[in-house]
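The values are calculated or read from the model by the stated rules, or taken from the named source; none is laboratory data. These numbers come from a predicted model, not from an experiment. Backbone-built Cβ (ideal geometry, glycine too); neighbour counts: all protein chains shown. The accessibility values were calculated without ligands, DNA or RNA, using every heavy atom of the protein model including side chains. Shrake-Rupley method; radii C 1.70, N 1.55, O 1.52, S 1.80 Å.
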Amino acid sequence: MLASLLDIVFPPVCPLCEEGLMDGTLCADCRGGILSKKIKGPICAVCGIPFIAYGDVPETHKGRLCGGCITEKTPFKEARSAFAYEGLVLEAVHRFKYGGRVALAGYLGRLASEAAEFPARPHVVVPVPLHKDRLRKRGFNQSLLLAREVAKRLRAPVDYVNLKRVRKTDPQINLRSREREENIKGAFAVRDDKAFSDKNVLLVDDVFTTGATIRECAKALKYAGAEVYVLTLARTLIA
Ligand SMILES: [Zn+2]
Ligand SMILES: [Zn+2]
């Protein structure tokens, strides 16, 4: 009663732009801005990068692989992302991850799950783990919040215990691609192989940048006997 009264006097503003009036989770403009960044059209069949990033490529490229996936075999079967990591999508991830707007998780996770079109249904959904020091500092693991939403949609359980970060690493954000690979090497391990052995595992993260973190997680899961699929909310189009 009081809440609805307050809504009339102070109508809730959009958590993203802090100006527009809420229409569901965001204002209509922000929602439109995010949806306009949806990845569509021909993509690499393995890593999911849109071929459009390399210029206009005809539909006939469906099912083809990008240069990177041809030269180097990935430890995951398929990776898909819902959005290009730019504009309002980048803004939303920043607000969510660094600004502590955890209320955005539900909405973003739901959007991410729409890109989860894989040949095999996941038996279990696994978030990319944070090191406990960073978890303590941030207060939440953004990947787990997204993974929970994705798992709900796919009707699969979440396992955030059996893939763990065994080594603290420097933040990847300031590193170049090669340095990222080095920095993250051996940072993850599986606690109990039985949790993933002979299972289709859907690994969830917020952003696919160079893919170094995701590949390293996927390696650990694969080593435990899993078939790994990857879903991220967003990805950078130029690595
Ligand atoms: Zn807005
Ligand atoms: Zn590829």
Hey, residue 160 aromatic (Phe, Trp, Tyr) and open to solvent by 60 Å² or more (accessible area, probe 1.4 Å) or not: yes
Output for region 201-239, where each listed residue is open to solvent by 10 Å² or more (accessible area, probe 1.4 Å), small (Gly, Ala, Ser), farther than 20 Å from residue 89 by Cα and touching a helix residue (DSSP H, G or I) at 6+ places or on another chain (Cβ under 8 Å): 225
Which condition breaks for residue 198 when tested against (1) open to solvent by less than 30 Å² (accessible area, probe 1.4 Å); (2) part of a loop (DSSP other than H, G, I, E, B); (3) out of contact with any helix residue (DSSP H, G or I) (no Cβ under 8 Å at 6 or more places or on another chain)? (1)
Has region 11-31 got at least one residue that is at pLDDT below 80, in a loop (DSSP other than H, G, I, E, B), more than 20 Å from residue 114 (Cα to Cα) and not hydroxyl-bearing (Ser, Thr, Tyr)? yes
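Which of the residues belonging to region 164-189 are open to solvent by 40 Å² or more (accessible area, probe 1.4 Å) and part of a helix (DSSP H, G or I)?
Our first condition is that a residue be open to solvent by 40 Å² or more (accessible area, probe 1.4 Å); within region 164-189, this holds for 164-168, 170-171, 173-179, 181-182, 185-186.
Within region 164-189, 173, 174, 177, 178, 179, 181, 182 meet the criteria.
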Could you please find all residues in region 41-62 being hydrophobic (A, V, I, L, M, F, W, C) and either within 13 Å of ligand 2 (Cβ to nearest atom) or at pLDDT below 60 (or both)? 43, 44, 45, 46, 47, 49, 51, 53, 57
Take region 98-150 and flag every residue that is within 20 Å of residue 76 (Cβ to Cβ), assigned to a loop (DSSP other than H, G, I, E, B) and of a type in the set (Ser, Thr, Tyr). none
Residue check for residue 143: modelled with pLDDT of 90 or more and closer than 19 Å to residue 226 by Cβ: yes
Within region 184-207, take every residue that is farther than 13 Å from residue 122 by Cα and of a type in the set (Val, Ile, Thr) and give me the one that is modelled with the lowest pLDDT. 184
As an exercise: evaluate residue 118 against (1) under 26 Å from residue 196 (Cα atoms); (2) at pLDDT 95 or above and give the number of the one condition it does not meet. (2)
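Out of the residues in region 95-115 meeting the condition of being of a type in the set (A, V, I, L, M) and surrounded by 19 or more Cβ atoms within 10 Å (Cβ to Cβ), tell me which one is farthest from the chain's Cα centre (by Cα).
Out of the qualifying residues, it is 104.
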